[in-house]
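Just below is one structure, and these are the notes that go with it.
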Amino acid sequence: MASVKVVLRQKESKDGTYPLAIRITKDRKTSFVHLGYSIKETEWDAVNQKVKKSHPNSSRLNNLLLKKLSEANEKKIELETDKKDTSSKVIKSTLKSKEATFFKQADIYIDMLKKHGKFNRISSDQPRIKHFKEFLDGDDINFKDITVSLLNRFKAYLKGSREITDRTVVNHLIVVRTIFNQAIKGNLVDPKYYPFGKGKVPIKFPETLKIGLTPEEVKAIEDLVLPPDSYLNNARNIWLFSFYFAGMRVSDVLRIKWSDLQNDRLYYSMGKNAKAGSLKVPAKALKIISQYNRESSIHDLIFPDLQSLEDLKDLYKVQSKIATTIRRLNENLEVIAGQASIDKKLTMHIARHTFGNISGDKIPIQMLQKLYRHTSITTTIGYQANFIHKDADDALDAVVGF
């Protein structure tokens, strides 16, 4: 059976004090949980495990020690009752979970994203963490205090005070959930405090409208007369190139290299899920490629937007540059839409919606899955449902078309 005791550790600090700790002993193996307070050796009553009255804050510290000792014994009894591992390390781990706080774990989460070069995730998730902290008036919070009630109040705060969309609210909750899961995985918080899932706080994105261009609107963009050496022309080329390859993501378009073109086919791996494959290069795409000079290319890139980077293996800098480029592309696409008399919003992502809209139900769903490079066909069915209207339109006409 494990024993739990409050002790003064014999590790003297520079100021001559010694740290207070919970000592857990089981099978002659010992672990310590430091309590964050230090006192002088002469202020400690080792027999009664309490701080002497000579210490100015003895009452407060002794109350803390009683609380921590009680928590340790409760956890020991709980583990023994459930016939779980009661080694000193396990008890220490479960006790430390009570000390885990959200924003300390959030810092670890952001640091992990930096190490993996996830610039886009950092740029979106950091503000969401900041909003959660603002909601809590700048205070840190224990994971066990992140309850269903508190998260519902956070949702109301986001909707009311910050006036954001339902989808953005869900994105905020996903960040909180991700950090919570990270803490559970690290044995820093008991899973029983998890506030998400069935009967608690659900995570479900609201449906959004996806509107693509018509063939006539794409033709208007193709026929638009633009200065050959202008960035407007480059923006148009990148948008059309994306559309011609089934709405290839702009982050992949910008990283396409001349060496990816082999035997009139384009070979590339999609950055989002690393799915590899090849597609025939349409004649229209070849016409676009012919406008760029391979001999002056840096890093063998076809499009020039990332050529100022020194190292394409530095994922953080690459993603940062791509994010800046997308903003510039979208600004130019807005000008192009105006010149082409298109009243719909025109962005790089609309190239993917446009392919979906024009393909409609003309292409078998299995082929669309291959073109989109979706991992699951369910994703393809859900995505393409936004652009298949014929059956519903025919049904409506059958009723009102008299």
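The values are calculated or read from the model by the stated rules, or taken from the named source; none is laboratory data. Treat the numbers as computed from the prediction; the structure is a model and nothing was measured. Every residue, glycine as well, gets a Cβ built from its backbone with ideal geometry; the counts of neighbours run over all protein chains shown.
Among the candidates 281, 318, the residue that is crowded, with 17+ Cβ neighbours inside 10 Å, touching an Asp or Glu at 6+ places or on another chain (Cβ under 7 Å), at pLDDT below 95 and not acidic (Asp, Glu) is uniquely 281.
Look at (1) surrounded by fewer than 18 Cβ atoms within 10 Å (Cβ to Cβ); (2) under 31 Å from the mean Cα position of the chain (by Cα) and you find that residue 239 fails only one, number (1).
Within segment 128-148, the residues that satisfy the criterion of being surrounded by fewer than 17 Cβ atoms within 10 Å (Cβ to Cβ), part of a loop (DSSP other than H, G, I, E, B) and among the β-branched types (Val, Ile, Thr) are 141, 147. Taken over segment 30-59, the criterion of being more than 19 Å from residue 70 (Cβ to Cβ) and either among the aliphatic types (A, V, I, L, M) or in contact (Cβ under 8 Å) with a residue 60 or more places away in the chain (or both) is satisfied by 39, 46, 47.
Residue by residue, here is whether (1) of a type in the set (Gly, Ala, Ser); (2) at pLDDT 90 or above holds:
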{"site": "179", "(1), (2)": "no, yes"}
{"site": "195", "(1), (2)": "no, yes"}
{"site": "206", "(1), (2)": "no, no"}
{"site": "215", "(1), (2)": "no, yes"}
{"site": "236", "(1), (2)": "no, yes"}
{"site": "251", "(1), (2)": "yes, yes"}
{"site": "267", "(1), (2)": "no, no"}
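Every residue, every condition in (1) over 27 Å from the mean Cα position of the chain (by Cα); (2) β-branched (Val, Ile, Thr); (3) modelled with pLDDT of 75 or more; (4) surrounded by 14 or more Cβ atoms within 10 Å (Cβ to Cβ), yes or no:
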position	(1), (2), (3), (4)
343	yes, no, yes, no
349	no, no, yes, yes
353	no, no, yes, yes
399	yes, yes, no, no
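Just one of (1) assigned to a loop (DSSP other than H, G, I, E, B); (2) at pLDDT 95 or above fails for residue 246. It is (2). The requirement of being at negative phi, part of a helix (DSSP H, G or I) and not acidic (Asp, Glu) is satisfied by residue 232. Within the option set 94, 42, 86, 101, being in contact with a Ser or Thr (Cβ under 8 Å, 6 or more places away or on another chain) and either modelled with pLDDT of 85 or more or surrounded by 14 or more Cβ atoms within 10 Å (Cβ to Cβ) (or both) holds for one residue only, 42. Note on segment 6-39: residues that are at pLDDT below 85 and aromatic (Phe, Trp, Tyr) amount to 2. If I filter segment 149-164 down to residues being aliphatic (A, V, I, L, M), assigned to a helix (DSSP H, G or I) and under 21 Å from the mean Cα position of the chain (by Cα), which single residue comes out as modelled with the highest pLDDT? This residue is 151.
Here is a yes/no grid of residues against (1) surrounded by 11 or more Cβ atoms within 10 Å (Cβ to Cβ); (2) out of contact with any strand residue (DSSP E or B) (no Cβ under 9 Å at 6 or more places or on another chain); (3) assigned to a loop (DSSP other than H, G, I, E, B):
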| residue | (1), (2), (3) |
| --- | --- |
| 184 | yes, yes, no |
| 192 | no, yes, no |
| 198 | no, yes, yes |
| 203 | yes, no, yes |
| 206 | no, yes, yes |
| 211 | yes, yes, yes |
| 221 | yes, yes, no |
| 226 | yes, yes, yes |
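Contact map, segment 247-265: residues that are in the same structural domain as residue 318 (by TED's automatic domain parsing) and surrounded by fewer than 21 Cβ atoms within 10 Å (Cβ to Cβ) paired with residues that are polar (S, T, N, Q) and assigned to a helix (DSSP H, G or I), Cβ distance under 8 Å, separation 6+ or inter-chain. Pairs shown: 249/242; 251/319.
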